[in-house]
Amino acid sequence: MTLRYSLSRLSRPAARRAFGRTWLYVCLAGALVSTVVFGVRHAFFVATVWLLLVFAPVRIAIEVLHSVGPRLRRQMSRDLAGREDRYASREGIAIMVEDLFAREVQMPRLAPPDLGSKVVEAAAGLCGRAFLAGGGPLGVLRAAAACATLLERWTGTIAAGEQMAAPPLASGTGAEAWNGAGPPALWDPHASIQDQWVALRAVAGLAALVKTLAAVYEDSARQPMEGGVALRAVADAAMDYTDQVGLRLDGPAWQDVGGVPRIALGGELLSRLAQAWMAFCAAPQPAPRRLAAFVEAVPE
């Protein structure tokens, strides 16, 4: 499973580019060591051997996986479907998350091309922490509720800013009314459009993450999520609202959705979660440290 999964991931252009860079560095290091061993007089011969006989064949083979990788991926998905232990390994979790994301989520127009893969990585990280640490579906449920709580607060803060109602700073108790009040990290109505797009894309990604986590919970627990309909409704509404604000479209004002599962999050935790998620969404891939910072910040 591990080898097949690694090979299937190389069907993605970003993964192939990352592997190509790593393989180039390895070959350069090997050529340098060979030159030191055999002498500078043989440098041209050493470079030719490493380029033509080592680097090029592997690089060409990796590019062939552009067509082979999707077939491997579909086969692994079929093999996992219906198995009781499909969430027992990181590879199985990643495959299930990718499948459920593709089935459940339609990203908004504002989202950049790589945001979907970042959502999948974050969902796989949160689900991996839950399943491999023994939390199971309940751990996924708590992560989904935490992200939904942040999503509601974040979107309400944006709506308050758009209505020119400057929201007060959060007091840090996590018990404020759901009226758009939140930490300043959530939204700055006076920021440039570029900075606002960074926040709006993060909100869109967070909404997609909420829907993905809800789908994983229902698939792993084999039962509907309490408040799942409301949770999906607020996630879809948030993605529509980011398009409306970011693209300056006409549309209705933001309205809270009742029945969404929530947990108490203090102002400091809200700010830390928002900053960690926004930093991960804005970073070029791969960004393992920023992903780990977000996963660690989400309450277990």
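The values are calculated or read from the model by the stated rules, or taken from the named source; none is laboratory data. A quick note: this is a predicted structure, and the numbers were derived from the prediction, not measured. Because the Cβ atoms are built from the backbone with ideal geometry, glycine has one as well, and the counts that use them run over all protein chains shown.
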All conditions in (1) surrounded by 18 or more Cβ atoms within 10 Å (Cβ to Cβ); (2) more than 18 Å from Val119 (Cβ to Cβ) are true of Ala208 except (2)
If you go through Ala18, Ala102, Ala61, the only one that is modelled with pLDDT of 80 or more and either assigned by TED's automatic domain parsing to the domain that holds Glu218 or touching a His at 6+ places or on another chain (Cβ under 8 Å) (or both) is Ala102
Quick count over region 64-88, residues being surrounded by 13 or more Cβ atoms within 10 Å (Cβ to Cβ) and in contact with a helix residue (DSSP H, G or I) (Cβ under 8 Å, 6 or more places away or on another chain), is 12
Within region 31-71, of all residues that are touching a residue at least 40 places away in the same chain (Cβ under 8 Å) and aliphatic (A, V, I, L, M), the one nearest to Ala18 (Cα to Cα) is Ile62
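Conditions (1) assigned by TED's automatic domain parsing to the domain that holds Gln194; (2) free of Cβ contacts under 8 Å to residues at least 24 places away in the same chain; (3) within 23 Å of Phe101 (Cβ to Cβ), marked per residue:
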| site | (1), (2), (3) |
| --- | --- |
| Glu218 | yes, yes, yes |
| Pro224 | yes, yes, yes |
| Ala230 | yes, no, yes |
| Ala235 | yes, no, yes |
| Leu270 | yes, no, no |
| Ala276 | yes, yes, yes |
